[in-house]
Amino acid sequence: MLETEALLLTKNLEKKLKKDEFNAKFRFREARREGLVTCASCVHMRGGIKKDEVAICQTPGRLKGVKIAEYSPPYWGIGGESRNIAPLMVCDAYKNSPLPDNVSLPILPEKHAMLLGTQWRDPYHLDAKCPYVVEEARIIASKEEIRGKPGEFTFVDISEWVPGERVRDMCDMPCCERKLEVQVVNPNGYRSHVGIHPNADDPRRWVRNSIIKHGNNSNMTIEEAEAFFDLTKVSSGRRSIDDQIAAVSEYMHKNCNWLGSRPLAEAANPVSFSNRHYFWNELPSKQHPEQFWAYDDKLFDADKGLSIPLMGLERIPEGFILCLDTKGVLRHGMYKSGEESPSLFRARGILKPMQDQGFLSKGVSHFMDIREVGYHDHNYMWGEFGIGFNGLANFDEE
């Protein structure tokens with residue numbers, strides 16, 4: 001062997017990583033629960049995917065192939081067994097199989113992010129070649145469904161995002177993560193469970209950007225908005241509670257206007273909390289059980305808090321929204337879900353001009369009359385509560 005060939009061979013061997021080194025560098029972890037991207041669909045896997053079959057990871061960069069298995073410890077001197085977990089795991093070195101010739105990837109507009117239908121439009125993606133995006137294109141072309149959800153691409157304008165923006169979830173693949181300079185603020189079971197940062201357990205930074213626009217999906221009069229929130233027709237004709245909940249959520253998502261950080265007078269009905277709006281922690285008073293407060297975390301630093309109760313202030317701080325639960329929708333949802341706090345709810349309703357002089361003197365020009373709330377907890381419980389429909393179900397894959 002020539003000296004140059006020996007040096008080249010040594011250099012190539014140095015690039016190969018042992019099992020633990022590779023898994024640390026490429027974050028070997030449990031896959032997201034929809035199972036869209038797993039070791040079982042990676043081009044570098046060899047073998048079967050059944051529990052009693054053997055699956056081998058042969059990703060370039062590994063020193064040698066590694067069995068994708070979970071091992072049970074020996075019991076009373078008898079050797080432990082292994083279980084194939086390829087359909088449950090994934091790493092950052094995942095590579096999709098080629099798409100059919102008639103299937104193309106979406107074109108991601110500048111300053112936009114993508115949400116995927118099979119992921120319930122939850123994590124943000126910012127790379128058109130992301131493994132999740134590739135598999136979503138395959139699902140759309142085949143007209144399949146993942147856990148009852150068809151494939152779909154939704155484009156979200158993020159032109160007004162700033163570094164440190166707070167979002168509910170973000171893609172965990174490196175191609176998207178390094179482009180999404182965001183914080184994850186909602187309790188996020190997946191990222192926290194598998195130890196990926198950032199997640200909701202990380203220290204939060206408060207980022208102020210007060211020029212976020214309101215949504216513009218609809219523009220209804222108050223009377224039209226009242227009729228819009230009758231959910232009887234939305235949920236009827238669907239057999240399972242899961243389908244009914246999903247239908248109501250879809251109806252709200254497509255027709256409600258997300259509240260931004262502009263003055264409320266500029267918003268059009270019907271309105272909805274965005275991923276920046278949260279209910280304030282103060283419980284309603286006994287005198288006014290229908291009265292709840294929400295805040296925009298772009299305008300108010302909740303971690304800093306208030307020195308005295310909100311209603312004791314001469315002026316209500318910028319970013320706070322008075323919410324009136326005149327139909328008992330939020331209270332019913334809290335009771336049915338077993339939640340004493342509204343913190344896991346997102347509200348939709350009708351924005352109305354304030355008439356009460358007491359609130360006007362404190363700077364409250366509008367209020368939201370709550371007509372529907374969505375609920376998500378840490379254990380895959382999902383509920384939609386409104387007028388004409390109330391549903392709560394567990395959307396765990398098991």
Which numbered condition in (1) part of a loop (DSSP other than H, G, I, E, B); (2) under 30 Å from R32 (Cβ atoms) is the only one that H214 fails? (2)
Within the stretch 248-263, restricting attention to residues that are touching a residue at least 60 places away in the same chain (Cβ under 8 Å) and either in contact with a helix residue (DSSP H, G or I) (Cβ under 6 Å, 6 or more places away or on another chain) or crowded, with 20+ Cβ neighbours inside 10 Å (or both), which residue is nearest to N217 (Cα to Cα)? C256
Going by the structure shown, is E250 at pLDDT 95 or above, over 16 Å from F320 (Cβ atoms) and among the charged types (D, E, K, R)? no
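Where residues in the stretch 223-241 are charged (D, E, K, R) and at pLDDT 90 or above, which of them is surrounded by the most Cβ atoms within 10 Å (Cβ to Cβ)?
First, pick out the residues of the stretch 223-241 that are charged (D, E, K, R): 223-224, 226, 230, 233, 238-239.
From what's left, at pLDDT 90 or above: 223-224, 226, 230.
Values: E223: 10, E224: 13, E226: 16, D230: 13.
My answer is E226.
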Among the residues of the stretch 292-328, which ones are small (G, A, S) and under 23 Å from R168 (Cβ atoms)? A294, A302, G305, G319
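Could you tell me whether any residue of the stretch 281-289 is among the polar types (S, T, N, Q) and under 23 Å from the mean Cα position of the chain (by Cα)?
For the stretch 281-289, residues among the polar types (S, T, N, Q) and under 23 Å from the mean Cα position of the chain (by Cα): present.
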Can you tell me which residue among E145, E177, E160 is acidic (D, E), over 15 Å from the mean Cα position of the chain (by Cα), assigned by TED's automatic domain parsing to the domain that holds R121 and under 22 Å from V37 (Cα atoms)? E145
Restricted to the stretch 53-68 and to residues being in contact with a helix residue (DSSP H, G or I) (Cβ under 6 Å, 6 or more places away or on another chain) and not in a loop (DSSP other than H, G, I, E, B), the residue surrounded by the most Cβ atoms within 10 Å (Cβ to Cβ) is A55
Only one of I245, I211 is over 15 Å from D369 (Cβ atoms) and buried (at least 19 other Cβ atoms within 10 Å of the Cβ). Can you tell me which? I245
Total residues in the stretch 334-377, condition in contact with a Ser or Thr (Cβ under 9 Å, 6 or more places away or on another chain) and either surrounded by fewer than 16 Cβ atoms within 10 Å (Cβ to Cβ) or without any contact (Cβ under 8 Å) to a residue 12 or more places away in the chain (or both): 2
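The values are calculated or read from the model by the stated rules, or taken from the named source; none is laboratory data. Since the structure is predicted, the reported quantities are computational estimates derived from the model, not experimental observations. For neighbour counting, all protein chains shown are included, and Cβ atoms are generated from backbone atoms with ideal geometry for every residue, glycine included.
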